[in-house]
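Working notes, structure below.
All of the numbers you see were taken from the coordinates with simple rules; none came from a lab. Note that the structure is a prediction, hence the values are computed from the model and not measured. When we count neighbours, we look across all protein chains shown, and the Cβ atoms used for this are built from the backbone with ideal geometry, even at glycine.
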Amino acid sequence: MPPCRAIASRGLALVGAFRRAMADDDEVVAIWSFGDWESWAEFERTDAAASWRRGCGPLIVGRERILLADAPLSPLRLGRQPDESDRRPLNDCRATDC
């Protein structure tokens, strides 16, 4: 099974893969999306990407993982670009959800 399809079968979707500017074309930033927290936890617990990294051999000399959480009006959460009508007045927002 191709690596991206194998990873997708574990609940991930590739959101974007980008070359880092001014890095001698030797770095990439890959952003993955998990459908839910349980899928992310299982992926981390089993180190599901290990076989993919081994398959890349010497191409990967280091990696860094950063967990990003989507905002309430994130297109990944809504499944579309937010409309102006989706906005809430600031006085309706709590510090943790706006």
Once both label points are put 7 Å beyond Cα along the C-beta direction, the A21-R65 separation in nm becomes 2.9 nm
Once the dipole of segment 3-81 is set up from charges on Cβ (+1 Lys and Arg, -1 Asp and Glu), the residue from the list L14, L59, A69 lying farthest towards its positive end is L14
Taking 0.36 nm per residue of separation between A50 and I31 and subtracting their Cα-Cα distance, the length gained on full extension comes to 5.2 nm
